[in-house]
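Down below is the structure, laid out as structure tokens.
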2 protein chains.
Amino acid sequence: MKSTRPTIDDIARESGVSTGTVSRVLNGHSTVASRTRERVQDVIARLGYAPDPAARHLSWRTGQTLGISFERDDPVLHPYSVLFRRALEAHTAPQGVQLMDLRADLSRLTRLPSAVLVMHAMDGDPRLNFLRDRGVPAVLIGHQPDFFWVAPDDVGGAELATRHLTGAGHRQLAFLGQGPSQVAQDRERGALAAALTAGAQIISIASDFTVLGGYRAVRRAWESGVRFTGLFAQSDESAAGAVAALQDLGVNVPGQVSVVGFDGLPELPINLRLTTVAQDIPRIASTALTLVQEAIVGLPPRGEFIEVQLIRGATVAPFPGGKI
Amino acid sequence: MKSTRPTIDDIARESGVSTGTVSRVLNGHSTVASRTRERVQDVIARLGYAPDPAARHLSWRTGQTLGISFERDDPVLHPYSVLFRRALEAHTAPQGVQLMDLRADLSRLTRLPSAVLVMHAMDGDPRLNFLRDRGVPAVLIGHQPDFFWVAPDDVGGAELATRHLTGAGHRQLAFLGQGPSQVAQDRERGALAAALTAGAQIISIASDFTVLGGYRAVRRAWESGVRFTGLFAQSDESAAGAVAALQDLGVNVPGQVSVVGFDGLPELPINLRLTTVAQDIPRIASTALTLVQEAIVGLPPRGEFIEVQLIRGATVAPFPGGKI
DNA sequence: ATAGTGATTGTAACCGCTTACAATTTCGCA
DNA sequence: TGCGAAATTGTAAGCGGTTACAATCACTAT
């Protein structure tokens with residue numbers, strides 16, 4: 001029963017060709033007859049073969065690297081980035097692919113990575129031109145035509161969250177997180193659209209996505225008389241801050257105000273069963289890696305939205321008269 | 001000029017032995033005459049040779065793994081953990097050593113790592129026995145006799161921070177962070193000792209090490225009448241929260257209250273030139289890895305404190321009459 | 001001296017994959 | 001139908017280590 005992983009020899013034998021040919025199929029060398037290529041690929045798929053990264057490394061005399069470029073230099077520490085990076089690592093590490101954190105400024109990189117993941121690129125981001133010029137395959141996290149990209153369905157998720165609140169009977173809503181980033185805008189857009197459709201009022205409160213940012217924004221707003229019974233925050237962290245602020249103000253959550261977050265971070269510092277819209281970070285990461293492969297091979301660019309999912313926690317209650 | 005990395009053959013030739021012998025030296029096999037061993041080691045050092053991880057991996061049929069066990073399951077997301085992990089990665093990734101995040105509960109690990117880094121072990125931590133029983137080399141981050149360990153000088157750092165405040169003339173101090181962990185206790189101990197020595201008053205305010213935790217604790221304390229002109233926080237994050245709280249209360253920092261943090265996190269979410277006691281995280285990480293090697297080879301356990309350093313930011317001002 | 005030991009060291013066969021080069025097959029066309 | 005060029009495939013030599021096994025060596029007990 002203790003079968004060992006198949007090697008290139010197994011594939012060669014099983015498909016009646018030489019290891020050289022299998023290797024050529026593996027590396028997309030064009031000098032393989034298509035009939036042969038298909039046969040070999042079938043066998044590879046059937047036997048679930050994957051080339052040993054260490055052996056390739058040894059033979060190539062160099063390993064593969066994947067760069068991650070963040071929009072600014074600091075967000076490396078934000079929980080979402082950390083989780084995303086970790087999800088990537090789960091796939092790349094066993095493949096011997098080394099992750100490199102890239103500063104926002106890509107120019108004068110001593111050694112170019114084999115490919116780059118660009119986080120949250122804005123329109124006309126200089127990083128994109130740079131990579132294009134250098135011929136480095138790139139995949140964006142966030143959506144942008146003419147590129148490989150993958151992103152969570154921010155608009156849809158925001159609608160989902162907002163509908164969850166209106167569905168529970170809330171009519172006075174607030175969106176926490178107004179801001180210039182594509183993500184913030186998409187989420188605000190979805191929230192406003194859903195509120196409009198449901199005939200509910202919604203007010204936007206400016207805030208970054210941090211815990212303290214959410215706390216201060218909500219506390220200030222509430223103290224200055226802003227009122228709502230349902231709050232949708234653009235991030236779980238600001239949602240956590242919002243809950244804390246409301247508690248400190250003597251407002252019961254979810255008794256008086258219901259709160260929904262976004263991201264689905266599993267482990268927030270604050271202990272709280274937050275109702276939230278969860279992103280499928282592992283899936284975003286693995287999709288990104290698939291796209292990287294496609295980009296390297298030179299397929300035409302495409303993008304993909306990854307579905308989000310509502311997680312029912314303990315921070316939403318029906319408004320008197322509404323159902324949850 | 002484009003010399004290539006030396007290989008095991010270079011070492012063998014240069015020291016007049018066979019590759020087999022070099023390899024045996026490399027792996028600490030006892031069957032090498034000590035004179036030969038030394039000669040080979042000299043050459044290795046002189047030529048700056050390091051075995052190619054990919055080649056070893058191929059030959060061993062398996063790679064090396066280094067586990068990191070956190071004290072609880074969540075702190076994986078805390079900035080300090082992230083930075084520490086990243087510092088480790090900078091060394092391990094090029095070596096082909098794979099980092100594994102370990103849950104606090106180590107039992108029923110499907111595959112044991114080659115060695116484990118244990119973060120913040122408490123006295124009699126069950127993880128330590130587990131590892132000892134399984135014969136897995138372990139290095140602790142934090143200090144504990146009879147083990148390999150490395151830790152920042154928490155007590156000394158706290159003294160440094162506190163003396164910085166008393167030196168600036170402050171006599172009414174507060175320590176933010178009182179808690180049960182070894183780290184919190186060491187830092188509190190250092191702070192109390194230094195305050196005592198300087199003849200200053202100091203009060204402890206309980207708080208976790210998060211931004212919001214610091215914010216709420218300080219705000220509550222201040223609102224209930226607690227007063228101080230110098231605050232030493234056990235973490236940069238809680239220090240940042242404290243500063244925010246004081247600002248919100250209309251207290252000027254550093255005009256009315258001076259604040260010192262701990263950790264030296266380079267990029268806090270809050271924008272702030274914090275005066276802080278910086279840990280040398282890269283050095284802690286590389287020391288930990290050195291100790292891992294020693295533990296694997298079977299040397300006797302030892303520990304090391306890593307110096308900390310005061311970073312003068314913009315959150316400390318002299319108390320009228322004091323000098324800074 | 002001399003065979004018998006244990007301690008050291010050298011030799012060479014892998015580990016799994018890539019690739020230059022040689023060998024073979026397939027075709028287009030005279 | 002025959003020939004050379006092009007297309008395809010096979011062969012084998014590495015890549016940089018590890019390690020089982022054989023070969024030496026230095027001594028000790030006859």
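Read-outs throughout are calculated quantities, based only on the coordinates presented, and are distinct from any laboratory measurement. Here the structure is a predicted model, which is why all the values come from computation and not from measurement. Because the Cβ atoms are built from the backbone with ideal geometry, glycine has one as well, and the counts that use them run over all protein chains shown.
Odds and ends about this structure:
- Zone residues, the stretch A:124-158, relative to A:Gln95, backbone N less than 14 Å from point 7 Å out along Cα-to-Cβ: A:137-139
- Label-point spacing at A:Glu294 relative to the other copies reads 5.2 nm, in ascending order, each point sitting 7 Å out from Cα along Cα→Cβ.
- Taking Cα atoms only, the orientation of helix B:182-198 departs from the longest principal axis of chain B by about 50 degrees.
- Counts of other chain beta carbons within 10 angstrom of each beta carbon in peptide A:232-242 average 1.
- Of every Cα-Cα pair in chain B, the percent that sits beyond 23 Å: 63
- Difference of contour (0.36 nm per residue) and Cα-Cα distance, B:Gln247 to B:Thr7: 80.4 nm
- Intensity falloff of the stretch B:5-129 expressed as log10 I(q)/I(0), Debye formula with alpha-carbon point scatterers, at q = 0.12, 0.17, 0.20 Å⁻¹: -0.63, -0.93, -1.06
- Of all DSSP beta bridges in chain B, antiparallel share, percent nearest 5: 10
- Direction-averaged projected area, Cα convex hull, the stretch B:152-219: 4.4 nm², rounded to one decimal.
- Computed over the stretch A:3-138, relative contact order equals 22 percent, with contacts defined as Cα pairs under 8 Å that lie 6+ residues apart.
- Tilt relative to chain A, helix A:154-167 - C-alpha long axis, 0 to 90 degrees, to 10: 30
- Charge dipole magnitude, Cβ of K and R +1, D and E -1 - chain B, Cα centre, debye nearest 20: 460
- Built amide H within the under 5 Å cut-off of A:Leu231, gap 5+: A:Ala174, A:Ser258, A:Val259, A:Val260
- Summarising the overall dimensions of the stretch B:8-51 from its C-alpha atoms, the Rg and Dmax are 8.9, 24 angstrom.
- 10 Å Cβ neighbours from other chains, averaged over peptide A:53-60: 5
- Packing, taken as the mean count of other beta carbons within 10 Å per residue, orders the peptides A:197-204, A:217-224 from highest to lowest as A:217-224, A:197-204.
- A simple rule links phi to the HN-Hα coupling: the Karplus curve 6.51 cos²θ - 1.76 cosθ + 1.60 with θ = phi - 60°, which for the stretch B:24-35 gives 5, 4, 4, 9, x, 6, 6, 7, 10, 4, 5, 4 Hz, with x for Gly and Pro.
- Size descriptors for the stretch B:154-279 (Cα atoms only): Rg and Dmax, in that order, 12.6, 35 Å.
- For the stretch A:43-50, putting each phi into the Karplus relation 6.51 cos²θ - 1.76 cosθ + 1.60 with θ = phi - 60° gives couplings of 4, 4, 5, 4, 8, x, 7, 9 Hz, in residue order, rounded to whole numbers and with x for Gly and Pro.
- Extent along principal axes [Cα atoms of the stretch B:56-214; Å; largest to smallest]: 64, 31, 31
- The DSSP beta bridges internal to the protein assembly as shown are antiparallel in roughly 10% of cases.
- With one equal scatterer per alpha carbon and no solvent term, the Debye-computed log10 I(q)/I(0) for the protein assembly as shown at 0.06, 0.08, 0.10, 0.12 1/Å reads -0.41, -0.73, -1.09, -1.38.
- Projecting the Cα atoms of A:Leu102, A:Ser114, A:Pro180 onto the charge dipole of chain A, computed from C-beta unit charges around the Cα centre, puts A:Ser114 farthest toward the positive end.
- Full extension of the chain segment joining B:Asn129 with B:Ser107 gains 6.8 nm, where the gain is 0.36 nm per residue of separation less the Cα-Cα distance.
- Note on B:Arg35/B:Ser59: beta-carbon distance plugged into 1/(1 + (r/R0)^6) with R0 of 25 Å gives a FRET efficiency of 0.40.
- Sorted shortest first, the separations between the B:Ser204 label point and its copies elsewhere in the assembly read 4.7 nm; each point sits 7 Å from Cα along the Cα-to-Cβ line.
- Relative contact order of the stretch A:124-262, defined on C-alpha pairs under 8 angstrom at six or more residues apart (%): 22
- Estimated from helical segments only, the mean residue ellipticity of chain A at 222 nm is -13000 deg cm²/dmol, where each DSSP H run of four or more residues counts as -39500 (n - 2.57).
- Dividing the mean sequence gap of close Cα pairs (under 8 Å, 6+ apart) by how many residues the stretch B:214-324 holds gives a relative contact order of 26 percent.
- Between the stretch B:235-301 and the stretch A:253-324, the alpha-carbon centres lie 31 Å apart.
- Chain A: most fluctuating residue of A:Gln279, A:Gln293, A:Gln41 per GNM, C-alpha cutoff 10 Å: A:Gln41
- Crossing angle, helix B:211-223 versus chain B [Cα axis fit, 0-90 degrees, rounded to tens]: 20
- Full-extension gain in nm, A:Glu294 to A:Ile311, via 0.36 nm per residue minus C-alpha separation: 2.9 nm
- Distances from B:Ser59 to itself in the other copies, using label points 7 Å out along the Cα-Cβ axis, amount to 2.0 nm in increasing order.
- Leading residue at positive end of dipole, the stretch B:8-51 (Cβ point charges), from B:Asn27, B:Ala50, B:Ala12: B:Asn27
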